[in-house]
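Each remark here refers to the structure printed beneath this line.
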Amino acid sequence: MNAPSLPPAETLRLDKALQLLAHSGQAAPPGEPGSADWLQGLVDALVDLSSRDALTGVANRRNFDLALAREIDRVARSGEPALLLALDIDHFKRVNDTYGHVAGDQVLKAVAGALVESVRPMDLVARVGGEEFAIILPNCPSAFGETVAERVRRRVERMPVSVGPGQTLTVTVSIGGAFAPQWVRSTPGLWVERADQQLYRAKVLGRNLVQLEPAAVSVVSNEEKRLLFDSTSFQDFE
Amino acid sequence: MTRITAITSGKGGVGKTFVAANLAAALARRGRRVLVLDADLGLANLDVVLNLFPKITLHDVFTGKATLAEATLPAPGGFHVLLAGSGMVEYSRMTPEVREQLQNVISEVAPKYDHLLLDTGAGISDVVLYTISLADDALVVVTPEPTSMTDAYATIKVLATTQGRRELRILVNQVRRPGEGRAVRQQLQAVVDRYVNPGLDGAVRLSLVGEVPTDSAVREAVLKRQLLLEALPGAPAAVAVAAAAAQLPE
């Protein structure tokens, strides 16, 4: 099948798209305006813009949903472990009520930045709601889950957020986490629900806490097998 | 109170469905009202074991084409069955809808019976795990083969860590000599004690409900398309299943 031929750039109404990019602080697409490269750059910039949260710059809900669906299918096929963290800023309403919405936005931006800095480049940090964030961590072994989530929690806890001249505050996050079921076809909805359940536990248990669902370790190690087939106790019955 | 028992195995082909059907017949013989639910939604073969090929199945219930009463059938052994039927492959993936359907079916039928046996699929998929989570007891069917024991052990480990189960029942099928069932249970318990229990609050205890000997009568009954307990109730395997039924909590 041939690629559909595109109309010449001068017949397209692109002023709004260019305005939107300029307004979002993005550079104009590279290349000769109207050229194929330039159009591609424009489309790429728009795609990037529509996959980011406008305030914090991390992935938005749309991007997160897409990435989660991709990840759960990948895990089902490859059997690699993957962790989903659900995060919520503790007492965020209090920040808004006490310091105002501008300060609230500062906090959201600072937390988003701290999250991005405390995970690997391959991990996806997303803002999925008002003060709710999520992180997808592909290829994260269950033994490291607690360490990673704790690192994220401590990073936020130790970060001063400047919300005005001479005014800084600190916030904390509650974190819930669940591993994707390995080798199994499942749905993103259930994965999110499991992480959310753990987040709820973290809130109930006092906030500024990490709660991970115990990983379903269905892998049987060689040592376990050796003991399982250890012939001595079998012989007792012969 | 209805006692709900999930029958699972990890590995397929260890006689899980044979055990479910014959345990049901043995419980029915003890005067209990029993329903077997074919919870192996993707690849059920309870219909083959019972030689029942109904027009109306769970699939019709799930799609709203029939009521549960219409899909509930009397089986040869004096108990009732709900068969999954073909076309259930779409339910092998766990979705909130499948979960809700299973939950509804179970809560609707449970009050009418003393025992509900859930014949789960092989493997440790989330459909299987979810089905087991709906049960009071989990019965793991295992044979004295390394592959079956490995998968049974993996199942036990997952149930202990994700569902907080501390008591699991073991039925050892196809044993070649008396006492082999006890040895298999003991072996599984030893590995659980060494590798699983140290990380848990409270230790997992495996209890043996019975051992069923390798018996040519089993194959004979299957070829005749009959339930072993009906066709050859005096066969050693039939006697052993009946004894195991007496060990299930009421």
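Only the coordinates and a few stated rules stand behind these numbers; no lab work does. The shown structure was predicted, so the numbers you read here are calculated from the model rather than taken from an experiment. Because the Cβ atoms are built from the backbone with ideal geometry, glycine has one as well, and the counts that use them run over all protein chains shown.
With the helix formula -39500 (n - 2.57) applied to DSSP H stretches of n ≥ 4, chain B reaches a computed 222 nm mean residue ellipticity of -12000 deg cm²/dmol. Put simply, when B:31-40, A:48-57, B:240-249, A:31-40 are sorted by average Cβ atoms within 10 angstrom per residue, most first, you get B:31-40, B:240-249, A:48-57, A:31-40. Mind listing which trypsin sites (Lys or Arg not before Pro) in region B:204-250 are in a DSSP loop and have 14 or fewer other Cβ atoms within 10 Å? Qualifying residues, ordered by number: B:K224, B:R225. Using only alpha carbons, region B:88-217 has a radius of gyration to Kirkwood radius ratio (Rg to Rh) of 1.00.
For chain B, a Gaussian network of Cα nodes joined below 10 Å ranks B:N197, B:N22, B:N104 by mean-square fluctuation, and the top entry is B:N104. Quick one: in region A:61-212, what % of C-alpha pairs are over 23 Å apart? That tail contains 34 percent of the Cα-Cα pairs.
Taking the DSSP beta bridges with both ends in the protein assembly as shown, the antiparallel portion is around 45 percent. Among the residues of B:154-163, the average count of other protein chain beta-carbon atoms within 10 Å of the residue beta-carbon is 4.
Ordering A:V107, A:A67, A:S50 by the projection of their Cα atoms onto the charge dipole of chain A, which places +1 on the Cβ of Lys and Arg and -1 on the Cβ of Asp and Glu, puts A:V107 at the extreme positive end.
Peptide A:220-227 is shielded by partner chain Cβ atoms: per residue, an average of 4 of them sit within 10 Å of its Cβ.
If you count, for every residue in A:172-181, the Cβ atoms of partner chains within 10 Å of its Cβ, what is the mean?
Taking all residues of A:172-181 together, the mean is 1.
Among residues other than A:G31 whose Cβ falls under 12 Å from its Cβ, what is the net charge (Lys/Arg +1, Asp/Glu -1)? Neighbour charge sum, excluding A:G31 itself: -3. Between beta-carbons, use under 13 Å as the cut-off and find the net charge around A:A9, counting Lys and Arg +1, Asp and Glu -1. After counting each charged neighbour, the total is -3. For chain A, modelled as a GNM whose springs connect Cα atoms under 10 angstrom apart, the maximal fluctuation among A:L212, A:L227, A:L87 occurs at A:L227. Counting beta carbons within 10 Å around each of B:L23, A:L205 and listing the fewest first gives the order A:L205, B:L23.
Packing, taken as the mean count of other beta carbons within 10 Å per residue, orders the peptides A:68-74, A:106-112 from highest to lowest as A:106-112, A:68-74. For region B:133-193, the list of trypsin sites (Lys or Arg not before Pro) that fall in a loop by DSSP and count at most 14 other C-beta atoms within 10 angstrom reads B:R166, B:R176. Remark on B:G123: its backbone amide H falls under 5 Å from those of B:S9, B:G10, B:K11, B:G12, a criterion applied only to residues 5 or more positions apart or on other chains, H modelled at 1.01 Å from N.
The charge dipole of the protein assembly as shown, taken about its Cα centre with unit charges on the Cβ atoms of Lys, Arg (+1), Asp and Glu (-1) only, comes to about 760 debye. Each residue of region B:185-201 was assigned a 3J(HN,Hα) from its phi angle through the Karplus curve 6.51 cos²θ - 1.76 cosθ + 1.60 (θ = phi - 60°); the sequence is 4, 4, 5, 4, 4, 4, 6, 4, 4, 7, 10, 9, 4, x, x, 10, 8 Hz, with glycine and proline shown as x. Rounded to the nearest 10 degrees, the angle from helix A:188-204 to the longest Cα principal axis of chain A is 80 degrees. Listed from fewest to most Cβ neighbours within 10 Å, the set A:K16, B:K11 follows the order A:K16, B:K11.
Structure note, pairs A:K225/B:K11; A:K225/B:K157; B:K11/B:K224; B:K11/B:K55: Cα-Cα distances above 21 angstrom occur for B:K11/B:K224; B:K11/B:K55.
Look at A:V47, B:V142 and count the other Cβ atoms within 10 Å of each Cβ; fewest to most, that gives A:V47, B:V142. Straight-line reach from A:K93: taking Cα to Cα under 25 Å and skipping same-chain neighbours fewer than 8 places apart, the lysines in range are A:K109, A:K203. Between the listed residues B:Q189, B:V172, B:I156, the Cα displaced farthest toward the positive end of the dipole of region B:148-204, a dipole computed from Cβ unit charges relative to the Cα centre, is found at B:V172. Once each part is reduced to its C-alpha centroid, what is the distance from region B:1-55 to region A:147-203 in angstrom? When both Cα centres are located, 43 Å separates them.
State whether chain B is rounded, prolate or oblate according to the following rule on the C-alpha gyration tensor (a ≥ b ≥ c being the square roots of its eigenvalues): a/c under 1.5 gives rounded; otherwise a/b larger than b/c gives prolate, and the remaining case gives oblate.
oblate
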